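In what follows, a single structure is set out as C-alpha coordinates and then discussed.
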Amino acid sequence: MGPPLRPNQCRSRLGAPPSLPAVCGRVARHPGLQVGMAAFAATAGRLLGLRAAGTEGRLLRLRGAGLQRALLQPASATGDAAQRRQVAHFTFQPDPEPQEYGQTQKMNLFQAITSALDNSLAKDPTAVIFGEDVAFGGVFRCTVGLRDKYGKDRVFNTPLCEQGIVGFGIGIAVTGATAIAEIQFADYIFPAFDQIVNEAAKYRYRSGDLFNCGSLTIRAPWGCVGHGALYHSQSPEAFFAHCPGIKVVVPRSPFQAKGLLLSCIEDKNPCIFFEPKILYRAAVEQVPVEPYRIPLSQAEVIQEGSDVTLVAWGTQVHVMREVASMAQEKLGVSCEVIDLKTILPWDMDTVCKSVIKTGRLLISHEAPLTGGFASEISSTVQEECFLNLEAPISRVCGYDTPFPHIFEPFYIPDKWKCYDALRKMINY
(Lines give C-alpha, C1' and ligand atoms only; values in the text may rest on other atoms or scores of the structure.)
Protein backbone atom coordinates (compact mmCIF):
# COMPACT_ATOMS: atom_id res chain seq x y z
CA MET A 1 0.00 0.00 0.00
CA GLY A 2 3.03 2.30 0.32
CA PRO A 3 3.88 4.86 2.99
CA PRO A 4 1.08 6.94 4.55
CA LEU A 5 0.34 10.26 2.87
CA ARG A 6 1.61 13.42 4.54
CA PRO A 7 -0.81 16.32 5.07
CA ASN A 8 0.55 18.34 2.13
CA GLN A 9 0.24 15.27 -0.13
CA CYS A 10 -3.39 14.87 0.92
CA ARG A 11 -4.16 18.42 -0.05
CA SER A 12 -2.39 18.25 -3.44
CA ARG A 13 -3.99 14.97 -4.50
CA LEU A 14 -7.42 15.22 -2.94
CA GLY A 15 -7.97 18.95 -2.66
CA ALA A 16 -8.13 20.94 0.56
CA PRO A 17 -10.48 19.34 3.09
CA PRO A 18 -13.43 21.47 4.25
CA SER A 19 -12.96 23.46 7.43
CA LEU A 20 -14.65 22.43 10.66
CA PRO A 21 -16.91 25.53 10.69
CA ALA A 22 -18.10 24.66 7.22
CA VAL A 23 -18.83 21.09 8.28
CA CYS A 24 -20.68 22.32 11.39
CA GLY A 25 -22.82 24.58 9.23
CA ARG A 26 -23.79 21.74 6.91
CA VAL A 27 -24.64 19.46 9.82
CA ALA A 28 -26.77 22.15 11.42
CA ARG A 29 -28.72 22.59 8.17
CA HIS A 30 -29.04 18.83 7.60
CA PRO A 31 -29.68 16.85 10.83
CA GLY A 32 -29.38 13.58 8.91
CA LEU A 33 -25.67 14.25 8.54
CA GLN A 34 -25.19 14.02 12.29
CA VAL A 35 -25.36 10.24 12.11
CA GLY A 36 -22.25 10.12 9.94
CA MET A 37 -20.10 12.43 12.04
CA ALA A 38 -18.23 9.62 13.76
CA ALA A 39 -17.29 8.12 10.40
CA PHE A 40 -16.36 11.57 9.09
CA ALA A 41 -14.07 12.25 12.05
CA ALA A 42 -12.29 8.92 11.62
CA THR A 43 -11.89 9.41 7.86
CA ALA A 44 -10.71 13.00 8.23
CA GLY A 45 -8.17 11.85 10.80
CA ARG A 46 -6.70 9.36 8.36
CA LEU A 47 -6.66 11.78 5.42
CA LEU A 48 -4.98 14.54 7.36
CA GLY A 49 -2.33 12.19 8.75
CA LEU A 50 -2.97 13.35 12.30
CA ARG A 51 -0.30 11.11 13.77
CA ALA A 52 2.30 13.01 11.73
CA ALA A 53 0.76 16.43 12.16
CA GLY A 54 1.88 16.98 15.76
CA THR A 55 0.08 19.57 17.86
CA GLU A 56 -2.20 20.66 15.03
CA GLY A 57 -3.40 17.11 14.55
CA ARG A 58 -4.11 16.60 18.23
CA LEU A 59 -6.01 19.88 18.33
CA LEU A 60 -8.15 18.91 15.35
CA ARG A 61 -8.84 15.51 16.89
CA LEU A 62 -9.94 17.08 20.15
CA ARG A 63 -12.15 19.58 18.36
CA GLY A 64 -13.69 16.76 16.33
CA ALA A 65 -14.35 14.69 19.45
CA GLY A 66 -16.00 17.66 21.15
CA LEU A 67 -18.10 18.26 18.05
CA GLN A 68 -19.32 14.68 18.05
CA ARG A 69 -20.29 14.87 21.72
CA ALA A 70 -22.13 18.13 21.14
CA LEU A 71 -24.08 16.63 18.25
CA LEU A 72 -24.94 13.33 19.91
CA GLN A 73 -26.21 14.63 23.26
CA PRO A 74 -27.33 17.90 24.84
CA ALA A 75 -24.50 20.03 26.21
CA SER A 76 -26.10 20.14 29.64
CA ALA A 77 -26.00 16.35 29.88
CA THR A 78 -22.35 15.76 28.97
CA GLY A 79 -21.01 16.26 32.47
CA ASP A 80 -23.63 14.09 34.17
CA ALA A 81 -23.75 11.19 31.70
CA ALA A 82 -20.39 9.67 32.64
CA GLN A 83 -21.23 9.85 36.32
CA ARG A 84 -24.61 8.17 35.77
CA ARG A 85 -23.05 5.33 33.82
CA GLN A 86 -20.84 4.49 36.77
CA VAL A 87 -23.82 3.85 39.04
CA ALA A 88 -24.53 0.12 39.36
CA HIS A 89 -28.06 -1.19 38.81
CA PHE A 90 -27.92 -3.34 41.95
CA THR A 91 -26.64 -3.39 45.51
CA PHE A 92 -24.38 -6.31 46.40
CA GLN A 93 -25.59 -8.11 49.51
CA PRO A 94 -22.89 -10.30 51.12
CA ASP A 95 -23.79 -13.57 52.74
CA PRO A 96 -23.15 -14.14 56.45
CA GLU A 97 -19.54 -15.04 57.24
CA PRO A 98 -19.08 -18.82 56.87
CA GLN A 99 -17.99 -20.59 60.04
CA GLU A 100 -17.54 -24.19 58.92
CA TYR A 101 -14.43 -23.77 56.72
CA GLY A 102 -11.92 -22.27 59.11
CA GLN A 103 -10.15 -18.92 58.86
CA THR A 104 -11.67 -16.35 56.52
CA GLN A 105 -10.29 -13.27 54.80
CA LYS A 106 -12.00 -10.31 53.16
CA MET A 107 -11.87 -10.85 49.39
CA ASN A 108 -13.56 -9.43 46.34
CA LEU A 109 -14.67 -11.79 43.63
CA PHE A 110 -11.50 -11.76 41.53
CA GLN A 111 -9.40 -12.41 44.66
CA ALA A 112 -11.67 -15.35 45.51
CA ILE A 113 -11.02 -16.73 42.01
CA THR A 114 -7.28 -16.27 42.50
CA SER A 115 -7.48 -18.08 45.85
CA ALA A 116 -9.32 -21.02 44.25
CA LEU A 117 -6.75 -21.28 41.45
CA ASP A 118 -3.92 -21.05 43.98
CA ASN A 119 -5.47 -23.88 46.02
CA SER A 120 -5.83 -26.04 42.91
CA LEU A 121 -2.24 -25.53 41.72
CA ALA A 122 -0.91 -26.25 45.21
CA LYS A 123 -2.92 -29.45 45.59
CA ASP A 124 -2.66 -30.89 42.07
CA PRO A 125 0.82 -30.97 40.47
CA THR A 126 -0.75 -31.71 37.07
CA ALA A 127 -2.93 -28.58 37.08
CA VAL A 128 -2.07 -25.88 34.53
CA ILE A 129 -3.64 -22.49 33.81
CA PHE A 130 -3.48 -20.96 30.35
CA GLY A 131 -5.14 -18.29 28.24
CA GLU A 132 -4.62 -14.85 26.80
CA ASP A 133 -2.46 -12.71 29.13
CA VAL A 134 -2.88 -14.96 32.19
CA ALA A 135 0.89 -15.09 32.77
CA PHE A 136 0.97 -11.50 33.99
CA GLY A 137 -2.32 -11.76 35.88
CA GLY A 138 -5.00 -11.46 33.21
CA VAL A 139 -7.03 -8.41 32.26
CA PHE A 140 -9.06 -8.73 35.47
CA ARG A 141 -6.07 -9.77 37.65
CA CYS A 142 -7.56 -13.19 38.46
CA THR A 143 -4.23 -14.99 37.97
CA VAL A 144 -1.94 -12.33 39.43
CA GLY A 145 1.14 -13.78 41.13
CA LEU A 146 0.48 -17.39 40.13
CA ARG A 147 3.19 -17.61 37.45
CA ASP A 148 5.81 -16.31 39.88
CA LYS A 149 4.68 -18.82 42.50
CA TYR A 150 4.26 -21.92 40.33
CA GLY A 151 6.43 -21.27 37.29
CA LYS A 152 5.97 -20.51 33.62
CA ASP A 153 5.33 -24.16 32.78
CA ARG A 154 2.11 -24.17 34.83
CA VAL A 155 0.75 -20.66 34.22
CA PHE A 156 1.34 -19.45 30.68
CA ASN A 157 -0.01 -17.35 27.85
CA THR A 158 -1.55 -18.62 24.64
CA PRO A 159 -2.07 -17.06 21.20
CA LEU A 160 -5.26 -15.07 20.67
CA CYS A 161 -7.14 -18.10 19.41
CA GLU A 162 -10.07 -19.31 21.50
CA GLN A 163 -10.56 -22.43 19.40
CA GLY A 164 -6.92 -23.31 20.01
CA ILE A 165 -7.14 -22.57 23.74
CA VAL A 166 -10.05 -24.99 24.26
CA GLY A 167 -8.66 -27.59 21.86
CA PHE A 168 -5.34 -27.46 23.70
CA GLY A 169 -7.22 -27.84 26.99
CA ILE A 170 -9.08 -30.90 25.72
CA GLY A 171 -5.78 -32.52 24.76
CA ILE A 172 -4.27 -31.82 28.18
CA ALA A 173 -7.36 -33.15 29.95
CA VAL A 174 -7.41 -36.35 27.88
CA THR A 175 -3.94 -37.19 29.16
CA GLY A 176 -5.27 -37.02 32.73
CA ALA A 177 -3.93 -33.60 33.70
CA THR A 178 -6.11 -30.80 35.08
CA ALA A 179 -6.65 -28.09 32.47
CA ILE A 180 -7.94 -24.66 33.52
CA ALA A 181 -8.48 -22.50 30.43
CA GLU A 182 -9.40 -18.84 30.43
CA ILE A 183 -11.40 -17.18 27.68
CA GLN A 184 -10.72 -13.48 28.17
CA PHE A 185 -14.38 -12.49 27.74
CA ALA A 186 -17.41 -14.74 27.45
CA ASP A 187 -18.28 -12.79 24.29
CA TYR A 188 -15.24 -14.38 22.62
CA ILE A 189 -16.07 -17.97 23.49
CA PHE A 190 -17.87 -18.51 20.19
CA PRO A 191 -14.78 -19.33 18.08
CA ALA A 192 -14.34 -22.22 20.55
CA PHE A 193 -17.96 -23.32 20.26
CA ASP A 194 -17.19 -26.29 18.02
CA GLN A 195 -14.42 -27.53 20.32
CA ILE A 196 -16.70 -27.28 23.37
CA VAL A 197 -19.90 -28.66 21.86
CA ASN A 198 -18.61 -31.24 19.37
CA GLU A 199 -15.42 -32.35 21.13
CA ALA A 200 -15.32 -31.69 24.88
CA ALA A 201 -19.00 -32.45 25.52
CA LYS A 202 -19.02 -35.63 23.44
CA TYR A 203 -15.58 -37.11 24.13
CA ARG A 204 -16.69 -39.57 26.81
CA TYR A 205 -19.87 -40.58 24.99
CA ARG A 206 -18.32 -41.27 21.61
CA SER A 207 -15.49 -43.34 23.09
CA GLY A 208 -17.73 -45.44 25.31
CA ASP A 209 -15.98 -43.91 28.32
CA LEU A 210 -12.59 -45.16 27.17
CA PHE A 211 -11.44 -41.54 27.02
CA ASN A 212 -12.75 -38.30 28.47
CA CYS A 213 -11.73 -34.70 29.07
CA GLY A 214 -13.61 -34.32 32.33
CA SER A 215 -10.73 -32.48 33.99
CA LEU A 216 -11.21 -29.45 31.72
CA THR A 217 -12.59 -26.22 33.20
CA ILE A 218 -13.17 -23.13 31.08
CA ARG A 219 -13.37 -19.78 32.90
CA ALA A 220 -14.79 -16.65 31.27
CA PRO A 221 -15.80 -13.17 32.52
CA TRP A 222 -19.53 -12.81 31.85
CA GLY A 223 -22.40 -10.36 31.84
CA CYS A 224 -22.87 -6.61 31.83
CA VAL A 225 -20.32 -4.28 33.37
CA GLY A 226 -21.74 -0.81 32.82
CA HIS A 227 -19.74 0.12 29.71
CA GLY A 228 -18.94 -3.11 27.86
CA ALA A 229 -21.29 -2.61 24.90
CA LEU A 230 -21.68 -5.28 22.21
CA TYR A 231 -18.55 -7.37 22.70
CA HIS A 232 -17.89 -7.22 26.44
CA SER A 233 -21.33 -7.65 28.02
CA GLN A 234 -22.95 -10.82 26.71
CA SER A 235 -24.40 -13.70 28.73
CA PRO A 236 -24.09 -16.78 26.51
CA GLU A 237 -25.08 -19.48 29.02
CA ALA A 238 -28.18 -20.51 27.05
CA PHE A 239 -26.07 -21.46 24.01
CA PHE A 240 -24.38 -24.17 26.07
CA ALA A 241 -27.45 -25.24 28.04
CA HIS A 242 -28.57 -27.07 24.89
CA CYS A 243 -25.49 -29.31 24.98
CA PRO A 244 -25.47 -32.51 27.07
CA GLY A 245 -22.05 -33.49 28.39
CA ILE A 246 -20.91 -30.20 29.95
CA LYS A 247 -21.78 -28.29 33.10
CA VAL A 248 -22.44 -24.54 33.17
CA VAL A 249 -22.06 -22.58 36.42
CA VAL A 250 -22.53 -18.89 37.35
CA PRO A 251 -21.74 -17.67 40.93
CA ARG A 252 -23.30 -14.68 42.70
CA SER A 253 -20.56 -13.78 45.21
CA PRO A 254 -16.89 -14.29 46.18
CA PHE A 255 -17.72 -17.09 48.63
CA GLN A 256 -19.84 -18.88 46.05
CA ALA A 257 -17.27 -18.28 43.31
CA LYS A 258 -14.41 -19.97 45.12
CA GLY A 259 -16.41 -22.97 46.27
CA LEU A 260 -18.12 -23.52 42.94
CA LEU A 261 -14.91 -23.06 40.93
CA LEU A 262 -13.09 -25.65 43.03
CA SER A 263 -16.02 -28.02 42.49
CA CYS A 264 -15.84 -27.44 38.73
CA ILE A 265 -12.10 -28.07 38.64
CA GLU A 266 -12.49 -31.36 40.53
CA ASP A 267 -15.65 -32.46 38.71
CA LYS A 268 -15.37 -35.39 36.31
CA ASN A 269 -17.08 -33.50 33.50
CA PRO A 270 -15.94 -30.52 31.45
CA CYS A 271 -17.29 -27.34 33.03
CA ILE A 272 -17.83 -23.77 31.87
CA PHE A 273 -17.53 -21.29 34.72
CA PHE A 274 -18.93 -17.85 33.94
CA GLU A 275 -17.75 -15.08 36.28
CA PRO A 276 -19.92 -11.92 36.61
CA LYS A 277 -17.31 -9.30 35.79
CA ILE A 278 -19.26 -6.44 37.34
CA LEU A 279 -18.82 -8.23 40.68
CA TYR A 280 -15.03 -8.64 40.38
CA ARG A 281 -14.50 -5.56 42.55
CA ALA A 282 -18.04 -4.61 43.59
CA ALA A 283 -18.61 -7.83 45.55
CA VAL A 284 -16.63 -8.09 48.80
CA GLU A 285 -17.20 -10.53 51.67
CA GLN A 286 -15.44 -12.94 54.00
CA VAL A 287 -14.09 -15.99 52.15
CA PRO A 288 -12.33 -19.03 53.67
CA VAL A 289 -8.61 -19.17 52.96
CA GLU A 290 -8.50 -22.96 52.78
CA PRO A 291 -10.14 -24.90 49.93
CA TYR A 292 -13.80 -25.85 50.21
CA ARG A 293 -16.45 -27.02 47.77
CA ILE A 294 -20.03 -26.06 47.02
CA PRO A 295 -22.05 -28.80 45.30
CA LEU A 296 -22.97 -28.28 41.65
CA SER A 297 -26.54 -28.59 40.34
CA GLN A 298 -28.00 -27.56 43.70
CA ALA A 299 -29.95 -24.32 43.72
CA GLU A 300 -30.07 -22.33 46.93
CA VAL A 301 -33.09 -20.73 48.56
CA ILE A 302 -31.47 -17.57 49.89
CA GLN A 303 -34.72 -16.04 51.15
CA GLU A 304 -37.88 -17.94 52.02
CA GLY A 305 -41.30 -16.61 51.09
CA SER A 306 -44.89 -17.67 50.44
CA ASP A 307 -46.37 -15.56 47.62
CA VAL A 308 -43.94 -15.40 44.68
CA THR A 309 -40.84 -17.37 43.62
CA LEU A 310 -38.01 -15.28 42.15
CA VAL A 311 -35.31 -17.20 40.25
CA ALA A 312 -32.03 -15.78 38.96
CA TRP A 313 -28.28 -16.42 38.81
CA GLY A 314 -25.11 -14.35 38.91
CA THR A 315 -25.52 -10.58 39.31
CA GLN A 316 -29.27 -10.76 38.83
CA VAL A 317 -29.66 -12.52 42.19
CA HIS A 318 -28.86 -9.24 43.92
CA VAL A 319 -31.45 -7.46 41.78
CA MET A 320 -34.02 -10.04 42.87
CA ARG A 321 -33.13 -9.52 46.50
CA GLU A 322 -33.91 -5.84 46.14
CA VAL A 323 -37.17 -6.68 44.35
CA ALA A 324 -38.15 -8.96 47.22
CA SER A 325 -37.54 -6.14 49.70
CA MET A 326 -39.56 -3.69 47.59
CA ALA A 327 -42.45 -6.16 47.26
CA GLN A 328 -42.56 -6.71 51.01
CA GLU A 329 -42.39 -2.99 51.77
CA LYS A 330 -44.77 -1.68 49.12
CA LEU A 331 -47.19 -4.57 48.58
CA GLY A 332 -46.87 -6.75 51.65
CA VAL A 333 -45.89 -9.62 49.34
CA SER A 334 -43.59 -12.39 50.61
CA CYS A 335 -41.03 -13.49 48.01
CA GLU A 336 -38.89 -16.62 47.91
CA VAL A 337 -35.55 -15.89 46.20
CA ILE A 338 -33.64 -18.76 44.56
CA ASP A 339 -30.09 -18.63 43.20
CA LEU A 340 -29.95 -21.30 40.49
CA LYS A 341 -26.10 -21.30 40.44
CA THR A 342 -25.79 -24.23 38.01
CA ILE A 343 -27.45 -23.71 34.63
CA LEU A 344 -26.72 -27.18 33.30
CA PRO A 345 -27.82 -29.52 34.73
CA TRP A 346 -30.20 -27.28 36.71
CA ASP A 347 -32.02 -28.04 39.94
CA MET A 348 -35.62 -28.59 38.87
CA ASP A 349 -36.71 -30.00 42.23
CA THR A 350 -35.86 -26.91 44.28
CA VAL A 351 -37.57 -24.55 41.82
CA CYS A 352 -40.70 -26.67 41.39
CA LYS A 353 -41.03 -27.24 45.13
CA SER A 354 -40.98 -23.48 45.66
CA VAL A 355 -43.53 -22.78 42.90
CA ILE A 356 -45.91 -25.40 44.31
CA LYS A 357 -45.79 -23.42 47.57
CA THR A 358 -46.07 -19.89 46.13
CA GLY A 359 -48.11 -20.42 42.96
CA ARG A 360 -46.20 -17.73 41.07
CA LEU A 361 -42.83 -17.63 39.30
CA LEU A 362 -40.71 -14.76 38.00
CA ILE A 363 -37.42 -15.55 36.24
CA SER A 364 -34.87 -12.90 35.28
CA HIS A 365 -31.58 -12.89 33.39
CA GLU A 366 -29.49 -10.39 31.42
CA ALA A 367 -29.43 -12.41 28.20
CA PRO A 368 -32.09 -11.73 25.53
CA LEU A 369 -35.60 -13.00 26.16
CA THR A 370 -36.05 -15.27 23.14
CA GLY A 371 -34.31 -18.60 23.66
CA GLY A 372 -32.92 -17.55 27.03
CA PHE A 373 -32.63 -20.11 29.78
CA ALA A 374 -35.69 -18.60 31.48
CA SER A 375 -37.68 -20.22 28.67
CA GLU A 376 -36.50 -23.69 29.69
CA ILE A 377 -37.30 -23.08 33.35
CA SER A 378 -40.71 -21.67 32.46
CA SER A 379 -41.58 -24.64 30.23
CA THR A 380 -40.53 -27.19 32.83
CA VAL A 381 -42.43 -25.49 35.65
CA GLN A 382 -45.53 -25.18 33.48
CA GLU A 383 -45.40 -28.92 32.81
CA GLU A 384 -44.71 -29.95 36.40
CA CYS A 385 -46.70 -27.34 38.38
CA PHE A 386 -49.55 -26.34 36.07
CA LEU A 387 -52.35 -26.92 38.59
CA ASN A 388 -50.49 -24.96 41.26
CA LEU A 389 -49.99 -21.78 39.23
CA GLU A 390 -52.03 -18.74 40.27
CA ALA A 391 -50.74 -16.55 37.42
CA PRO A 392 -48.80 -16.91 34.16
CA ILE A 393 -45.05 -17.34 34.61
CA SER A 394 -43.20 -14.08 34.01
CA ARG A 395 -39.80 -13.59 32.36
CA VAL A 396 -37.92 -10.31 32.76
CA CYS A 397 -34.83 -10.40 30.56
CA GLY A 398 -32.70 -8.42 28.16
CA TYR A 399 -34.23 -7.29 24.88
CA ASP A 400 -33.85 -9.17 21.63
CA THR A 401 -31.20 -6.77 20.39
CA PRO A 402 -27.40 -6.62 20.49
CA PHE A 403 -26.19 -5.42 23.87
CA PRO A 404 -26.09 -1.60 23.70
CA HIS A 405 -23.55 0.88 25.03
CA ILE A 406 -25.11 4.18 26.12
CA PHE A 407 -28.53 2.51 26.32
CA GLU A 408 -27.38 -0.22 28.72
CA PRO A 409 -29.43 1.25 31.62
CA PHE A 410 -32.56 0.77 29.49
CA TYR A 411 -31.56 -2.71 28.35
CA ILE A 412 -30.80 -4.46 31.61
CA PRO A 413 -33.65 -6.08 33.59
CA ASP A 414 -33.36 -3.81 36.61
CA LYS A 415 -35.35 -3.94 39.84
CA TRP A 416 -38.07 -1.62 38.49
CA LYS A 417 -38.84 -3.88 35.53
CA CYS A 418 -38.86 -6.94 37.79
CA TYR A 419 -41.02 -5.20 40.40
CA ASP A 420 -43.53 -4.15 37.74
CA ALA A 421 -43.78 -7.74 36.46
CA LEU A 422 -44.23 -9.00 40.03
CA ARG A 423 -47.00 -6.49 40.70
CA LYS A 424 -48.86 -7.60 37.58
CA MET A 425 -48.63 -11.23 38.69
CA ILE A 426 -50.06 -10.40 42.10
CA ASN A 427 -52.94 -8.49 40.50
CA TYR A 428 -53.66 -11.16 37.89
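The values are calculated or read from the model by the stated rules, or taken from the named source; none is laboratory data. From a predicted model like this one, the values you see are computed outputs, not experimental measurements. All Cβ positions, even for glycine, are placed from backbone atoms using ideal geometry, and neighbour counts span all protein chains on display. Areas reflect the complete protein model, heavy atoms only, side chains present, ligands, DNA and RNA absent. Shrake-Rupley method; radii C 1.70, N 1.55, O 1.52, S 1.80 Å.
Listed values, structure above:
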| item | result |
| --- | --- |
| Among (1) more than 11 Å from G359 (Cβ to Cβ); (2) not in a loop (DSSP other than H, G, I, E, B), the one test that L387 misses | (1) |
| Filtered residues of the stretch 124-170 (kept if part of a helix (DSSP H, G or I) and in contact with a Gly (Cβ under 7 Å, 6 or more places away or on another chain)) | I165 |
| Among the candidates T401, T350, residue that is in a loop (DSSP other than H, G, I, E, B) and open to solvent by 10 Å² or more (accessible area, probe 1.4 Å) | T401 |
| Conditions (1) small (G, A, S); (2) within 21 Å of the chain's Cα centre (by Cα); (3) surrounded by fewer than 24 Cβ atoms within 10 Å (Cβ to Cβ): number failed by S306 | (2) |
| Count - residues of the stretch 286-329 that are in a helix (DSSP H, G or I) and either in contact (Cβ under 8 Å) with a residue 12 or more places away in the chain or among the aliphatic types (A, V, I, L, M) (or both) | 11 |
| Conditions (1) within 23 Å of C213 (Cα to Cα); (2) within 19 Å of the chain's Cα centre (by Cα); number of the one not met by F140 | (1) |
| Hits in the stretch 385-397 (condition: in contact with a Gly (Cβ under 8 Å, 6 or more places away or on another chain) and either open to solvent by less than 70 Å² (accessible area, probe 1.4 Å) or of a type in the set (F, W, Y) (or both)) | N388, L389, A391, C397 |
| Qualifying residue in the stretch 105-112 (condition: of a type in the set (S, T, N, Q), over 23 Å from G314 (Cα atoms) and open to solvent by 20 Å² or more (accessible area, probe 1.4 Å)) | no |
| Considering residues of the stretch 368-384 that are open to solvent by 10 Å² or more (accessible area, probe 1.4 Å) and outside any helix (DSSP H, G or I) only, the residue nearest to S233 (Cα to Cα) | P368 |
| Of all residues in the stretch 248-288 being surrounded by 24 or more Cβ atoms within 10 Å (Cβ to Cβ) and of a type in the set (D, E, K, R), the one that is farthest from A312 (Cα to Cα) | K258 |
| Flag for R423 being of a type in the set (K, R), open to solvent by 50 Å² or more (accessible area, probe 1.4 Å) and more than 25 Å from E275 (Cβ to Cβ) | yes |
| Filtered residues of the stretch 191-224 (kept if free of Cβ contacts under 8 Å to residues at least 12 places away in the same chain and open to solvent by 50 Å² or more (accessible area, probe 1.4 Å)) | N198, R206, G208, D209, L210 |
| Cβ-Cβ under 6 Å pairs, at least 6 apart or on other chains, the stretch 110-124 side farther than 12 Å from L260 by Cα, far side open to solvent by less than 30 Å² (accessible area, probe 1.4 Å) | F110/C142; F110/Y280; T114/C142; S115/K258; S120/A127; S120/I265; L121/A127; D124/T178 |
| Failed criterion for I406 (all others in (1) of a type outside the set (K, R); (2) farther than 25 Å from V197 by Cβ; (3) at pLDDT 95 or above hold) | (3) |
| H227, sole failed condition from (1) open to solvent by 30 Å² or more (accessible area, probe 1.4 Å); (2) at pLDDT 95 or above; (3) of a type outside the set (F, W, Y) | (2) |
| Within the stretch 171-267, strands (runs of 3 or more DSSP E) holding 3 or more residues that are in contact with a Lys or Arg (Cβ under 9 Å, 6 or more places away or on another chain) | 179-182 |
